[in-house]
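Read through the structure below, which is laid out as structure tokens, and then see the notes.
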Amino acid sequence: MVSKKVTVKNESGLHARPASTLVKTASKFKSDFFIKMYGYKVNGKSILGVMTLAAESGAEMELVLDGPDEEEALEAISELFENRFNMAP
Amino acid sequence: MSLENQEAIPIREDIEVSYLIEKLKERTQIDIEAYAGKDYSKKKLVTEADLHRPGLALAGYTDLFTYQRIQVIGNTECNFLRNLSESERTKSFEKLVSFDLPVIFITSGNELSNDLLKKAENRGIPVYRTELETTKFMYLLRDFLEDYFALQTMLHGTMVDVYGIGILISGKSGLGKSEVALDLVERGHRLVSDDVVMLTKKSNVLLASATEMNKHFMEIRGLGIIDVMSMFGIRSIRYQKRLEVILELSLWEDTENLNRTGLDHDTVEILGTKIPLIHLPITPGKNITVIAEVIAMNYLLKHYGYDAAEEFQKKIKKHIADKKNRHDMPRRAVEYFEGDFE
């Protein structure tokens, strides 16, 4: 199991589009993916789960990955947070 | 995915006394009047769901006094105070309010003298008064507080009400939980929440609901997000439902330990409450929707006292015991076939 704290950097927060990019990326990997925020743990491969958090710009969350390809998955997902989900700022 | 070891999170750590009074009046329609120290009700916080009657504290024994709880003064306490001499009464009450009490409720229409109320007010303790009987009031207040301080957790899964039985469909992403729920809704059952289920523990029962965000949306892979309530109408949804059975879907691979008789009952513990768990591998030709309905009906039958697996077990045991000779062959269920011409 690996985990990492990340911050939402894009201005509009984790709305439907970034959430969809996040879920799609996570679903490419076999590992289980959870996001910890407010003490809750939501499934990062579920779009409604991710959107339930309604994470705003600047919000901090912990990515938790568990499975055979956890390292690669964590890298790919944290890169999305760095790149503002490949969206225009 | 493990359903166990979910972190339990209290809805709130504390409630302002003023907020508590406002909501309590709104929800339970109890008449509560501010008696003294109303100005302090915004500053005082209630941090526990438990209530306390300070009889012993008034009598002078304060060693294990749970002063941080809401204090309820009923007939017993008031009678006790009334039977004291004035100086003793003042001393006793002064000792009580020397603790940092969150709030005092005077119940059953009892009254306190102005100088005692003044003492509470000087200590910054709000006092409220109600005509309602102590035990009834305590029951309502306790139920209300339990809701506010209830532990909750979030699970990944889809919650449906099937024939009145709350079933949580769980399993890995992409197994088709939402599709099963959609199929159930189409057959007249009701959706509580898709993908994210909020569970709240209230008096040993787990109550499931959607979150404010996902309520009555559903994600169907390939389609995207749909709104079940506007599509299927009000009868297709439910705001809350008790969690009664968990149906865990899995892929065909690991099916060695499947329950074949229904005599053994698997459970999973969530927030300290045991919930029956059914493992179901998805195989070709298996209609999960119908199975979900069968699970609900079987649960209802058991609830009303008929357990099919137990009945079958009884029947076979009786048959084995009654067998007269060893070569008693299995017999057909029909004794005599009348002609069945076509």
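The values are calculated or read from the model by the stated rules, or taken from the named source; none is laboratory data. No experiment lies behind these values; they were computed from the predicted model shown. Cβ: placed from backbone, ideal geometry, glycine included. Neighbour counts: every protein chain shown. The protein model used for the area step is the full one, side chains on, heavy atoms only, and it has no ligands, DNA or RNA in it. Shrake-Rupley method; radii C 1.70, N 1.55, O 1.52, S 1.80 Å.
Any chance you could give the angle, 0 to 90 degrees and rounded to 10, that helix B:177-186 forms with the longest Cα principal axis of chain B? Value to nearest ten degrees: 90. Within the listed set A:Glu70, A:Glu60, A:Glu11, the residue fluctuating most in the Gaussian network model of chain A (springs between alpha-carbon atoms under 10 angstrom) is A:Glu11. Working from Cα positions, state the angle (0 to 90°, nearest 10) between the long axis of helix B:308-322 and the longest principal axis of chain B. Approximately 60 degrees, to the nearest ten. Among B:Pro284, B:Pro126, B:Pro102, the largest mean-square fluctuation in a Gaussian network model of chain B (Cα springs under 10 Å) belongs to B:Pro284.
Couplings 3J(HN,Hα) of the range B:212-218, computed from phi: 4, 7, 8, 4, 6, 9, 9 Hz, in residue order, whole Hz [Karplus 6.51 cos²θ - 1.76 cosθ + 1.60, θ = phi - 60°; x for Gly and Pro].
Within straight-line reach of B:Lys302, meaning a Cα separation under 18 Å, sit the following lysines at least 8 residues removed in sequence or on another chain: B:Lys274, B:Lys314, B:Lys315.
Converting phi to 3J(HN,Hα) with the Karplus coefficients 6.51, -1.76 and 1.60 and the offset θ = phi - 60°, the range B:68-85 yields 6, 8, 5, 9, 10, 9, x, 4, 4, 4, 5, 4, 4, 5, 5, 7, 8, 5 Hz in sequence order, with x at every glycine or proline.
Chain A contacts chain B over a buried accessible area of about 1500 Å², both sides summed; the probe is 1.4 Å and only protein chains count. Applying 1/(1 + (r/R0)^6) with r as the Cβ-Cβ distance of A:Thr7 and B:Tyr239 and R0 = 51 angstrom yields a FRET efficiency of 0.90. Put the Cα centre of the range B:224-244 next to the Cα centre of the range A:1-16 and the gap is 29 Å. Amide H to amide H distances under 5 Å link B:Ile270 with B:Ile275, where only residues 5 or more positions off or on other chains count and H is placed in the peptide plane.
A Förster radius of 22 Å combined with the Cβ-Cβ distance from B:Thr267 to B:Ala8 puts the calculated FRET efficiency at roughly 0.80. Modelled this way, with points 7 Å down the Cα-to-C-beta line, the labels at B:Arg260 and A:His15 are 5.6 nm from one another.
Residues with beta-carbon under 12 Å from that of B:Gln240, excluding B:Gln240: net charge, scoring Lys, Arg +1 and Asp, Glu -1? Write out the running numbers ahead of the final one.
Details: positive: B:Arg190, B:Lys202, B:Lys215, B:Arg238, B:Lys241, B:Arg242; negative: B:Asp147, B:Asp161.
Taking every other residue near B:Gln240 into account, the sum is +4.
Scalar couplings 3J(HN,Hα) for the range A:58-74, obtained by applying the Karplus form with A = 6.51, B = -1.76, C = 1.60 to θ = phi - 60°, are x, 5, 9, 8, 10, 8, 10, 10, 8, x, x, 10, 4, 5, 4, 4, 4 Hz; x denotes Gly and Pro. Charges were assigned to the Cβ only: +1 to each Lys and Arg, -1 to each Asp and Glu. The resulting dipole of chain A about its Cα centre is roughly 320 debye.
Here the range B:9-46 and the range B:135-183 have alpha carbon centers that stand 27 Å from each other. Taking 24 Å as the limit for the C-alpha separation, the pairs A:Lys4/B:Lys172; A:Lys4/A:Lys45; A:Lys36/B:Lys286; A:Lys5/B:Lys43 exceed it in the case of A:Lys36/B:Lys286; A:Lys5/B:Lys43. For A:Tyr40, no residue has an amide H sitting under 5 Å from its own, ignoring neighbours fewer than 5 places away on the same chain, with H placed 1.01 Å from N. Spatial offset of the range B:49-117 relative to the range A:42-61 amounts to 48 Å, using the alpha carbon center of each.
On the protein heavy atoms, probe 1.4 angstrom, tell me the percent of accessible surface of chain B carried by carbon and sulfur.
Details: 9840 of 19770 Å².
That fraction is 50 percent.
Determine the per residue accessible area of the protein assembly as shown with all protein chains present and a 1.4 angstrom probe, expressed in square angstrom. Numbers along the way, then the final one.
Numbers: 24090 Å² over 431 residues.
Normalised by residue count, the accessible surface of the protein assembly as shown is 56 Å².
Amide H to amide H, which residues 5 or more places from B:Gly166 or on other chains are under 5 Å from it, using H placed in the peptide plane? Residues meeting the amide H criterion: B:Glu244, B:Val245. Taking chain B as a Gaussian network of alpha-carbon nodes connected by springs under 10 Å, the highest mean-square fluctuation of the residues B:Asp183, B:Asp264, B:Asp194 belongs to B:Asp264.
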